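The values are calculated or read from the model by the stated rules, or taken from the named source; none is laboratory data. The structure displayed is predicted, hence computed values, not measured ones. Positions of Cβ are generated from backbone atoms using ideal geometry, with glycine treated the same way; all protein chains shown enter the neighbour counts. Just so you know, the surface numbers come from the protein's heavy atoms only, side chains and all, with ligands and any DNA or RNA stripped out. Shrake-Rupley method; radii C 1.70, N 1.55, O 1.52, S 1.80 Å.
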Amino acid sequence: MTWIHEGKLDGEGLKPAIVVSRFNSFITGKLLDGALDCLERHNVNTDDIDVFWVPGAWEIPALALRVADTGIFDCVICLGAVIRGETPHFEYVSSESAKGVAQAAMLTDVPVIYGVVTADTVEQAVDRAGTKSGNKGFDAAMTALEMTALYDHVSNLESSSEEAPQEEEGD
Ligand code: INI
């Protein structure tokens, strides 16, 4: 028999944190709206959501790791918008922000979710923040719900296998 493990999309009783950057706030504000909408529509209590504003996408990973390590939150949703300009700044900011969020996720015990829009143009970014291509903030919050449920499920598997009686080794 194959055992399938999946995370449920129910946020009841969860306490999520959102780390969101102020740079390009006309986009990140929409991502935040999308994430809040998703969490509330999946039974997360509004009073249980904490939002942390940082200056730019570069600053997201360091704060996300600190927030995750408090042990107060069930997951951390990272939201930002990096839009390509005429300078190579875009490459540095977008790649460090993505790498940093991935690293934070590996270093802490709760899911840290990447919801940073990287776009060539303002129009593309707008498309991903609640218009033509959906809302990446909403999507990131859905991912957070699923991964939080999976983390919880896997740690229950670990503790139930610890409690299970050990088979005696034969002679
Ligand atoms: N920060 C962003 O979040 N998006 C951008 O598009 C961006 N660009 O293009 O420069 C950006 N830069 C600021 C950066 O994130 C830091 O806040 C800044 O370098 C200070 O460390």
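Using the Karplus relation 6.51 cos²θ - 1.76 cosθ + 1.60 with θ = phi - 60°, the per-residue 3J(HN,Hα) values for the range 117-130 come to 7, 10, 9, 6, 9, 4, 4, 4, 5, 4, 4, 8, 10, x Hz, with x marking Gly and Pro.
Sequentially through the range 36-50, phi angles give Karplus couplings (6.51, -1.76, 1.60; θ = phi - 60°) of 5, 4, 4, 4, 5, 6, 10, 6, 7, 6, 3, 5, 9, 9, 10 Hz, Gly and Pro residues having no value and appearing as x. Over all projection directions, the Cα-based convex hull of the range 81-129 averages an area of 3.5 nm². Multiplying the residue separation of Met106 and Lys15 by 0.36 nm and subtracting their alpha-carbon distance yields 30.8 nm.
Above 17 Å, the calculated P(r) of the range 1-130 contains 58 percent of its Cα-Cα pairs.
Note on the range 21-171: with neighbouring protein chains present and a 1.4 Å probe, carbon and sulfur make up 51 percent of its accessible heavy-atom surface.
Given +1 at the Cβ of Lys and Arg, -1 at the Cβ of Asp and Glu and no other charges, the dipole of the chain around its Cα centre is 1280 debye to the nearest 20. Between Asp127 and Ser95, the simple spin-label model (points 7 angstrom out along Cα→Cβ) gives 2.4 nm. In angstrom, the C-alpha Rg and Dmax of the range 31-98 are 14.0, 43. Summarising the amide proton neighbourhood of Gly130: residues at separation of 5 or more, or on other chains, whose placed amide H is nearer than 5 Å comprise Asn135, Lys136. Using a 7 Å offset from Cα along Cα-Cβ at Leu150, what residues in the range 4-23 end up with backbone N under 15 Å from the label point? Under 15 Å, as judged by backbone N against the label point of Leu150, lie 4-10 of the range 4-23.
Under 5 Å from the amide H of Val54 lie the amide H atoms of Val20, Ser21, Arg22, each residue being 5 or more positions distant or on a separate chain, with H modelled from the backbone and absent for Pro and chain starts. All distinct Cα pairs of the range 103-159 go into the 1/r average, and the inverse of that average, the Kirkwood radius, is 13.0 Å.
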